[in-house]
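The block underneath contains the structure these notes are about, expressed in C-alpha cells.
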Amino acid sequence: MTFHRLESAADPRVADYTQLTDVHLRKLREPAEGMYIAESSRVLRRALAAGHTPRSFFLAEKWLADLSDIFAQYPDVPVYIGSAALLEEITGFHLHRGAMAAMQRPEPVPLPELLAGARRIAVLEDIVDHTNVGAIFRSAAALGIDAVLVSPRCGDPLYRRSVRVSMGTVFQVPWARLADWPGDLQALRGQGFTVAALELTGDAVDLDALAARRPEKLALVLGTEGAGMSADTLAAVDLAVKIPMRAGVDSLNVAAASAVAFWELRPRD
C-alpha cells in the first residue's frame, strides 16, 4: 500500500481535493477531468461496490484502520494522510465523515441501453439544487425507478453534495444526461413510454387517477425548483399529473413530491 503523509496544502498530488466548497468551479472541473469526489466511508464503499475506480484516497490518520480492507484491495492507489487542520485547508471544510476518495467518473450509458427493460424512469428538468438531486436519487433507488435522465442544465448527480445526500444510491440507479431538451422526450414516447409531467396545471389529473390506468411504461418529468416546468416541456408531454393537497398547501418540495409520486406510480404487477 502506498501511503503519503501531507505536509503542505499546496502539494500538487492532492489537486483533486482542492476548493471542494466552490460549487461553480467544481461543476466545471470534475466532468472535464473525468472524476468525482466520494465523501464519507459509506459512500466510498458504495462507489467501489458499484465498480467505480479510485484515483486516490484522502483522510486523517485515525480513519486508516476502518478502511484497511479497502486499501488492501487497491494497493497501487495512493493514500494521502494529513492532520485535520491541513485537510480542511485543502478542501475548504472540516472532514468529519471519515475518508474521501477521488473516483474516476464512469463512462455514460447510451440512452437505448438505459431504457432497455425499464418500466419507470424519472426525468429531471433543470433541477440545480444538488441536495434535491441527491434526495431524488435516493427515493428513486428505494422506490423502484429503473433509470434517471437529467436535462442539459440539471445539477450533476455525481457532484459531492448530490452523492452525499443520496447516501451513495446515485451509484445504484443508471442515469444519463440528455443532449436535446425537450426533444428527447419524443424518443421516450417512441420507446412506448407515457410521458407525464408532475406539475400543477389546470388540466392535471390526480396522481391516483394516473396510477389507476396502470401504464406499462411511464416517464415522470420533475421540474425545476421555484419556476416549475417550462412551457416547451409541458407542450411535449402526454399529460400533467398532480398530488392532491390539503390545508391550503399548494405544493411540496420537488424531492418530497418525487418520493410520493414514485410510490404511487410504481408498477402494480
So residue 164 passes all but one of these: (1) open to solvent by 10 Å² or more (accessible area, probe 1.4 Å); (2) under 19 Å from residue 262 (Cβ atoms). Which condition number does it fail?
(2)
Is it true that residue 255 is touching a residue at least 24 places away in the same chain (Cβ under 8 Å) and either closer than 19 Å to residue 153 by Cα or surrounded by 18 or more Cβ atoms within 10 Å (Cβ to Cβ) (or both)?
yes
Considering only residues that are among the basic types (Lys, Arg) and part of a loop (DSSP other than H, G, I, E, B), which ones fall in region 3-28?
none
Inter-residue pairs, beta-carbon under 9 Å, first closer than 15 Å to residue 168 by Cα and in region 28-44, second charged (D, E, K, R) and open to solvent by less than 10 Å² (accessible area, probe 1.4 Å), 6+ apart
36/30; 37/26; 37/30
Could you please let me know if residue 123 is in a loop (DSSP other than H, G, I, E, B), touching a residue at least 40 places away in the same chain (Cβ under 8 Å) and either within 30 Å of residue 193 (Cβ to Cβ) or polar (S, T, N, Q) (or both)?
no
Just to be sure I understand the filter: pairs with C-beta atoms under 6 Å, separated by 6 or more residues or on different chains, first member in region 160-184 and without any contact (Cβ under 8 Å) to a residue 40 or more places away in the chain, second member of a type in the set (Gly, Ala, Ser) and in a helix (DSSP H, G or I). Which pairs pass?
162/134; 165/134; 165/135; 166/134; 173/140; 173/141
Residue list for region 216-252, filter: open to solvent by 20 Å² or more (accessible area, probe 1.4 Å) and under 16 Å from residue 143 (Cβ atoms):
243, 252
For residue 118, state whether it is surrounded by fewer than 22 Cβ atoms within 10 Å (Cβ to Cβ), modelled with pLDDT of 95 or more and assigned to a loop (DSSP other than H, G, I, E, B).
yes
Please pick out the residue among 96, 24 that is under 23 Å from residue 128 (Cβ atoms), modelled with pLDDT under 90, within 26 Å of the chain's Cα centre (by Cα) and not polar (S, T, N, Q).
24
Give region 137-179 a look and list any residue that's closer than 13 Å to residue 27 by Cβ and among the charged types (D, E, K, R), or say none.
153, 156, 160, 161, 177
For residue 136, indicate whether it is hydrophobic (A, V, I, L, M, F, W, C), under 21 Å from residue 215 (Cα atoms), open to solvent by less than 30 Å² (accessible area, probe 1.4 Å) and at pLDDT 95 or above.
no
With the first residue restricted to region 204-230 and required to be closer than 16 Å to residue 189 by Cα, and the second required to be among the aromatic types (Phe, Trp, Tyr), Cβ contacts under 8 Å at 6 or more apart or on different chains are 217/193; 218/193; 219/193; 220/262
Please indicate, with yes or no, whether at least one residue in region 148-167 is among the basic types (Lys, Arg) and within 22 Å of residue 110 (Cβ to Cβ).
yes
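The values are calculated or read from the model by the stated rules, or taken from the named source; none is laboratory data. Since this is a predicted model, take the numbers as computed values, not measurements. Methodologically, a virtual Cβ is constructed for each residue, glycine included, from the backbone with ideal geometry; neighbour enumeration extends over all protein chains shown. The protein model used for the area step is the full one, side chains on, heavy atoms only, and it has no ligands, DNA or RNA in it. Shrake-Rupley method; radii C 1.70, N 1.55, O 1.52, S 1.80 Å.
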